[in-house]
């Protein structure tokens with residue numbers, strides 16, 4: 001087959017794939033930033049640049065004719081934080097060297113569009129057409145192609161001009177970069193390859209992290225004359241004579257390196273040959289065409305996939321494999337979380353199983369080993385998240401890396417889904433021992449009474465305990481100015497800094513406090529994935545008073561006692577502290593572990609180990625009985641967490657943990673029917689935008705609170721699968737459709753958000769949120785006609 005025929009077939013395939021999705025909702029890629037941190041009210045970058053191919057830099061389409069032909073930005077990920085370095089770094093204009101005629105972009109007839117993997121613009125003047133498109137050649141470089149068409153009857157001797165300037169403002173109304181981040185301030189330089197921007201070394205763990213060796217480069221396929229003047233540059237080049245009716249192309253490459261590991265990266269070899277550049281563009285189109293043909297039939301599938309791919313980061317820094325971050329545009333989310341990754345990879349498995357597998361590896365790269373120098377007692381555990389920079393315990397200086405907890409056990413669930421699509425037995429062989437080690441960790445480090453039911457908790461960590469293993473916590477006394485409580489000393493903000501589990505238990509039992517801040521409690525909430533859920537004792541003061549009035553005749557200390565969690569120490573056979581559990585066995589955690597045992601049995605069977613498969617299934621059978629007898633409340637018809645050796649925590653209300661046993665297939669039909677009745681009740685979970693993270697009846701419910709009301713798509717997905725599994729497919733589809741229709745901006749061009757208000761549908765939290773996108777793809781696949789997997 002000739003190269004010309006192959007090219008025609010490629011164009012036809014790409015055109016067909018894009019046309020099939022052309023009318024579907026897309027992401028608004030327009031905008032011109034005015035500051036490095038051009039934030040909205042929730043500290044998201046206001047605009048939605050296109051990132052692709054694992055890139056750490058992204059671009060926008062301009063929203064003003066004066067910037068036609070350029071791409072706004074760029075935004076660069078400064079290791080852990082996304083920042084704009086310019087409003088529009090490469091503004092193009094053209095003049096005819098013979099006539100002096102100027103082809104002013106602002107005077108052109110201008111159109112632009114964003115398609116998956118492509119930003120494109122078209123400028124038309126009498127006698128000349130300029131088409132500009134941007135594709136990512138790889139994770140390091142974006143390739144801009146300028147295609148000129150002389151539509152006049154005379155040849156054109158064109159001269160191209162480019163100019164740009166660096167961003168001056170750090171944040172609107174909050175000072176300049178020079179004042180706020182003087183060490184980072186980008187600087188323009190001229191070098192042999194073109195124009196470069198260098199960044200100073202900054203180790204501000206909450207705002208900017210740069211190595212002092214990071215660099216952004218603009219290189220061109222045609223020799224240009226460059227001039228740098230402070231924070232501005234100008235480049236120009238005489239183009240070859242463009243005959244009447246003829247076409248020509250030139251290219252720019254935008255590359256971004258973060259540290260010395262990228263120092264040898266250059267687009268020069270790519271720019272050396274038009275054939276190489278066109279092959280790179282064609283490869284990008286083939287990749288997207290293949291992905292698009294694998295999407296489920298849903299109006300939101302393309303938008304969801306673009307969101308996921310925009311959050312793909314190629315290996316850099318401490319990230320050793322391709323990772324999928326929660327959100328490139330949210331301030332704190334440029335790292336890889338375990339729970340997020342499992343969900344994102346599950347959705348990607350049907351589209352690109354190889355990429356999905358790598359995102360899973362990015363977390364398993366840091367699975368704790370028995371000889372680990374920091375926490376050997378946690379062998380098998382995975383950190384909550386990993387970032388470009390490790391934390392101080394690991395010899396780094398990052399502030400976002402987290403080993404204080406892990407996340408719920410869904411790793412086997414995603415590993416098996418990847419295998420279902422890849423059929424790669426080597427993948428199962430690679431993952432099986434890692435998955436089994438992670439599974440066993442839960443029973444060794446999070447089953448305090450060794451009764452086969454696990455608890456959420458926290459690791460041994462400097463923020464949880466001192467060097468002698470004494471529990472850390474802070475207390476606000478009922479009255480200020482008195483002597484410190486026993487085990488405590490004066491701290492800041494009216495709080496007392498306290499040490500010791502005995503001191504904690506005594507203070508809680510006596511009830512002489514206005515508030516307690518317990519780091520282990522926060523870590524346990526994170527470990528569940530439901531951070532500040534009501535079942536972990538989180539309730540606002542006003543809601544607590546209302547609960548006290550209703551349940552205890554206004555007795556606030558008695559009400560507080562119902563909501564304050566206790567902590568237990570987990571120790572090994574030699575008495576060594578290995579971690580903490582909060583004093584409640586969780587319904588969802590043990591349902592997840594039940595499902596994981598079944599999947600580990602499937603993995604063993606697929607690898608030919610019938611004995612191991614039978615053992616895993618036997619364990620699953622025992623755990624199913626425990627889940628149904630220990631967590632289900634016959635009186636209210638719902639699953640709840642249970643205090644260690646004590647009562648069900650029904651007083652803390654109902655949340656989506658109550659339908660996890662249905663998702664896992666652990667519930668009996670009668671129990672499932674009772675739970676489903678609550679799920680479909682408007683006074684519980686059937687809100688206008690359905691399935692909030694706390695029932696409307698929950699004492700702690702508030703539609704705007706993170707995990708006490710807002711709708712998260714993972715819990716909606718688990719809920720719809722639960723409904724289907726127990727014969728309620730029609731209701732599952734209705735719930736999903738009601739969410740889609742009610743979630744603000746979802747069917748428009750707004751970015752997919754982290755969560756949504758259950759009453760109004762108002763979009764909340766992070767923009768361009770990966771796991772929301774992942775679950776939209778999963779919801780589309782889990783149709784009523786498809787059995788739950």
Among the residues of segment 600-612, which ones are surrounded by fewer than 24 Cβ atoms within 10 Å (Cβ to Cβ), assigned to a helix (DSSP H, G or I) and in contact (Cβ under 8 Å) with a residue 40 or more places away in the chain?
-> 602, 603, 604, 606
Single residue of segment 133-147 satisfying the filter (part of a strand (DSSP E or B) and surrounded by fewer than 21 Cβ atoms within 10 Å (Cβ to Cβ)) that is farthest from the chain's Cα centre (by Cα) | 147
Only one of (1) crowded, with 20+ Cβ neighbours inside 10 Å; (2) modelled with pLDDT under 95; (3) in a loop (DSSP other than H, G, I, E, B) is not met by residue 22, so which one is it?
-> (1)
With respect to residue 166, is the statement that it is crowded, with 18+ Cβ neighbours inside 10 Å, at pLDDT 95 or above and under 21 Å from residue 98 (Cα atoms) true?
-> no
Residues being buried (at least 24 other Cβ atoms within 10 Å of the Cβ) and part of a loop (DSSP other than H, G, I, E, B): count how many of those fall in segment 64-78.
-> 5
Checked against (1) over 26 Å from the mean Cα position of the chain (by Cα); (2) free of Cβ contacts under 8 Å to residues at least 24 places away in the same chain, residue 197 satisfies every condition except (2)
Can you tell me which residues in segment 376-385 are more than 18 Å from residue 338 (Cα to Cα) and touching a helix residue (DSSP H, G or I) at 6+ places or on another chain (Cβ under 9 Å)?
-> 377
Return a yes/no flag: does segment 670-677 have any residue that is part of a loop (DSSP other than H, G, I, E, B) and without any contact (Cβ under 8 Å) to a residue 60 or more places away in the chain.
-> no
Confirm whether residue 128 is free of Cβ contacts under 8 Å to residues at least 40 places away in the same chain, over 30 Å from residue 288 (Cα atoms) and either outside the structural domain of residue 269 (by TED's automatic domain parsing) or crowded, with 18+ Cβ neighbours inside 10 Å (or both).
-> yes
With 322, 340 as the choices, which residue is under 27 Å from residue 287 (Cα atoms), surrounded by 24 or more Cβ atoms within 10 Å (Cβ to Cβ) and in contact with a helix residue (DSSP H, G or I) (Cβ under 8 Å, 6 or more places away or on another chain)?
-> 340
Quickly run through segment 155-181 and pick out the residues that are touching a strand residue (DSSP E or B) at 6+ places or on another chain (Cβ under 9 Å) and either outside any strand (DSSP E or B) or not assigned by TED's automatic domain parsing to the domain that holds residue 99 (or both).
-> 155, 157, 166, 167, 168, 170, 172, 174, 175, 177, 180, 181
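The values are calculated or read from the model by the stated rules, or taken from the named source; none is laboratory data. Note that the structure is predicted; figures quoted are calculated from it, not measured. Glycine also receives a Cβ, built like all others from the backbone with ideal geometry; neighbour counts cover every protein chain displayed.
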